[in-house]
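Report on the structure given below.
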Amino acid sequence: MTTAHESAAPASGALTYPFHDWSQQLSPHYTRLRETGPAACPVVSEYTGDRLWLVTRYATAVQVLEDPRFSSAAAMAPGCPRQEPVELRAPGTRGNAIALLKEAGLRAVLADGLGPRAVRRHQEWIRERADVLMRALLERRDTVDLAREFALPLARQSASRTLLGQLGPDEEEQLTRWADLGLRFCGVTARQQTAAFADMHRFFLAHARRLAGTPGEHLLKAVSEAPTESGRLGDEDLAEVAELLVVAGYPTSSGFLCGALITLLEHPEAVTALNRDPALIPAAVEELLRHTPLATGSAKRRATEDVQVDGETIRAGEVVMVSMEAVNHDPEAFEDPDAFLLGRRGPAHFGFGRGLHFCPGNRLARCLIDAMVRTVSRNPGLRLAVQPEEIRWHEGLFFRRPLSIPASW
Ligand code: HEM
């Protein structure tokens, strides 16, 4: 696809994006662009041919993500230049549940439902689940798969309890499959991707209200019961909110838990230190969020007017992308950025982004990562059963995830 904006961004010799770094190794292109490129580098989407700007430096990322002239909502509008092969929405839907909640006066319900009080209510249960899952593996004492048997069920069961209500096991699996199909750069056809979003939407049109009514204190219930000016959110809108919770909350948490587990197991000295002194765990969670890459693409913003970024003019309508992963490894911000250091000092990481669209699920995500780190640190004999470079990864996913994490004691 080409757009009216293609003439504006310089692209001769521009790299194609994404960089196909599906494993935990960040593409060297990020380092090269950060070291030798301009503050915003022109790249071309491999899938749409759209020309985009890519930001890899910490200071520029702060500037872009804190400037309201760079709009996230505008970057989701139909026809906007994009990195991904298809628009991330079911046909006929709005595709921006954040804007929808804001207009219905329910943004605060999202913030409260993911806020400190709500997360504290779930914290003990999440820690307990992590322990139960790990104990079951410990009893076996053979080689286990920490992705399939620990990180994924922990993320899935937590999403069910805190976000979506009581999903059946088949429903959880089906939603995971749709999210995996929809949120891809490659490996499926555009038709399959769009069908996955359409299927998920149909599922939630039929089931969101029922799920909202299932027992427990979950976000879907809070959103469905919250009063709006016109009464309460309609079925279409509730379905879109449920889709947002799946797409923003599940592949991120599950992929990140897997990646963070691998990082930890690659650093047995850190696990031993955490075992000796659990007071280090909160710092470990933050360092995991800085160090462990999650997305294989970038956060998008569209300029609503011409904006200067370090001497480069981003024209109105063009899209700037920020790679949180590259920014988190910028040596101008973080000394020895590729090292995993429990005692690291430095500026705030970009694991949850920055500015207006800072991840509202950050507390819940931190709670999950904290539970994982606690469980692993109580079992310092746990080891990867293969070399880290032998771990195989799903190819083409927006959010990195290994096929398995073989481990043993
Ligand atoms: C380890 C897990 C997670 C990570 C690393 C993560 C990371 C991020 C990042 C980097 C952003 C900013 C994107 C941008 O600037 O465009 C974001 C946004 C968002 N996250 Fe998370 N996230 C995680 C888990 C969750 C969970 C559990 C939820 C729960 C629903 C959630 C909900 C959201 C939502 C709704 C947004 C969009 C906010 C907006 O556009 O205003 N995230 N997340």
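Would region 348-364 turn up any residue that is exposed (fewer than 15 other Cβ atoms within 10 Å of the Cβ) and more than 16 Å from the ligand (Cβ to nearest atom)?
No - not one qualifying residue is present in region 348-364.
Among the numbered criteria (1) without any contact (Cβ under 8 Å) to a residue 60 or more places away in the chain; (2) surrounded by fewer than 17 Cβ atoms within 10 Å (Cβ to Cβ); (3) aliphatic (A, V, I, L, M), which one does Ala208 miss?
(2)
The rows are residues; the columns are (1) in a loop (DSSP other than H, G, I, E, B); (2) closer than 30 Å to Gln157 by Cβ; (3) of a type in the set (Gly, Ala, Ser).
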{"position": "Val320", "(1), (2), (3)": "no, no, no"}
{"position": "His329", "(1), (2), (3)": "yes, no, no"}
{"position": "Phe334", "(1), (2), (3)": "yes, no, no"}
{"position": "Pro337", "(1), (2), (3)": "yes, no, no"}
{"position": "Arg345", "(1), (2), (3)": "yes, no, no"}
{"position": "Gly351", "(1), (2), (3)": "yes, yes, yes"}
{"position": "Pro360", "(1), (2), (3)": "yes, yes, no"}
{"position": "Cys367", "(1), (2), (3)": "no, yes, no"}
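Return a yes/no flag: does region 27-38 have any residue that is over 30 Å from Gly346 (Cβ atoms) and away from the ligand (no atom under 16 Å from the Cβ).
no
Tally the residues that are crowded, with 21+ Cβ neighbours inside 10 Å and not charged (D, E, K, R), restricting the search to region 300-324.
Within region 300-324, residues that are crowded, with 21+ Cβ neighbours inside 10 Å and not charged (D, E, K, R) number 8.
Can you pull out every residue in region 365-378 that is over 14 Å from the mean Cα position of the chain (by Cα) and near the ligand (Cβ under 7 Å from one of its atoms)?
none
Would you point out the residue of region 218-237, among those that are among the aliphatic types (A, V, I, L, M) and away from the ligand (no atom under 15 Å from the Cβ), that is surrounded by the fewest Cβ atoms within 10 Å (Cβ to Cβ)?
Checked region 218-237; the qualifying residue surrounded by the fewest Cβ atoms within 10 Å (Cβ to Cβ) is Ala226.
Looking only at region 174-198, which residues are surrounded by 17 or more Cβ atoms within 10 Å (Cβ to Cβ), assigned to a helix (DSSP H, G or I) and either free of Cβ contacts under 8 Å to residues at least 24 places away in the same chain or not aliphatic (A, V, I, L, M) (or both)?
Of everything in region 174-198, those that are surrounded by 17 or more Cβ atoms within 10 Å (Cβ to Cβ), assigned to a helix (DSSP H, G or I) and either free of Cβ contacts under 8 Å to residues at least 24 places away in the same chain or not aliphatic (A, V, I, L, M) (or both) turn out to be Thr176, Trp178, Asp180, Leu181, Gly182, Gln193, Thr194, Ala195, Ala196, Phe197.
Scan region 293-318 and report the pairs whose first residue is in a strand (DSSP E or B) and whose second residue is surrounded by 17 or more Cβ atoms within 10 Å (Cβ to Cβ) and of a type in the set (Lys, Arg), with Cβ atoms within less than 8 Å and a gap of 6+ or a chain change.
Ala295/Arg400; Lys300/Arg82
Looking at region 108-124, which of its residues are assigned to a helix (DSSP H, G or I) and either touching a residue at least 12 places away in the same chain (Cβ under 8 Å) or over 16 Å from Arg363 (Cβ atoms) (or both)?
Those that are assigned to a helix (DSSP H, G or I) and either touching a residue at least 12 places away in the same chain (Cβ under 8 Å) or over 16 Å from Arg363 (Cβ atoms) (or both): Val109, Leu110, Ala111, Asp112, Gly113, Pro116, Ala118, Val119, Arg121, His122, Gln123.
Scan region 259-268 and give yes if some residue there is out of contact with any helix residue (DSSP H, G or I) (no Cβ under 7 Å at 6 or more places or on another chain), part of a helix (DSSP H, G or I) and away from the ligand (no atom under 14 Å from the Cβ), otherwise no.
yes
Looking only at region 328-347, filter to residues that are among the acidic types (Asp, Glu) and touching a Phe, Trp or Tyr at 6+ places or on another chain (Cβ under 9 Å); which one of those is surrounded by the fewest Cβ atoms within 10 Å (Cβ to Cβ)?
Within region 328-347, the first condition is being among the acidic types (Asp, Glu), and the residues that meet it are 330, 332, 335-336, 338.
Imposing the further condition that a residue be touching a Phe, Trp or Tyr at 6+ places or on another chain (Cβ under 9 Å) reduces the set to 330, 332.
On the way: Asp330: 21, Glu332: 10.
Step by step, filter region 328-347, then rank; the result is Glu332.
Restricting to region 76-86, name every residue that is buried (at least 17 other Cβ atoms within 10 Å of the Cβ) and over 17 Å from the mean Cα position of the chain (by Cα).
Across region 76-86, the qualifying residues are Cys80, Pro81, Arg82, Pro85, Val86.
Return the total of residues in region 155-170 being part of a helix (DSSP H, G or I), small (Gly, Ala, Ser) and surrounded by fewer than 19 Cβ atoms within 10 Å (Cβ to Cβ).
First pass over region 155-170, keeping only residues part of a helix (DSSP H, G or I): 155-164, 169-170.
Checking which are small (Gly, Ala, Ser) leaves us with 155, 158-160.
Restricting the remaining residues to those that are surrounded by fewer than 19 Cβ atoms within 10 Å (Cβ to Cβ) gives none.
Residues in region 155-170 being part of a helix (DSSP H, G or I), small (Gly, Ala, Ser) and surrounded by fewer than 19 Cβ atoms within 10 Å (Cβ to Cβ): 0 in total.
Does Glu286 fit the bill of being more than 11 Å from the ligand (Cβ to nearest atom), over 13 Å from the mean Cα position of the chain (by Cα), assigned to a loop (DSSP other than H, G, I, E, B) and charged (D, E, K, R)? Let's see the steps before the verdict.
Working: more than 11 Å from the ligand (Cβ to nearest atom): yes; over 13 Å from the mean Cα position of the chain (by Cα): yes; assigned to a loop (DSSP other than H, G, I, E, B): no; charged (D, E, K, R): yes.
The answer is no for Glu286.
Please verify whether region 100-112 includes one or more residues that are in contact with a Ser or Thr (Cβ under 8 Å, 6 or more places away or on another chain), within 14 Å of the ligand (Cβ to nearest atom) and farther than 30 Å from Thr48 by Cα.
yes
Every number here is computed from the coordinates shown, using simple stated rules; none is lab data. Computed from a predicted structure; not experimentally measured. We place every Cβ from the backbone using ideal geometry, glycine too, and count neighbours over all the protein chains shown.
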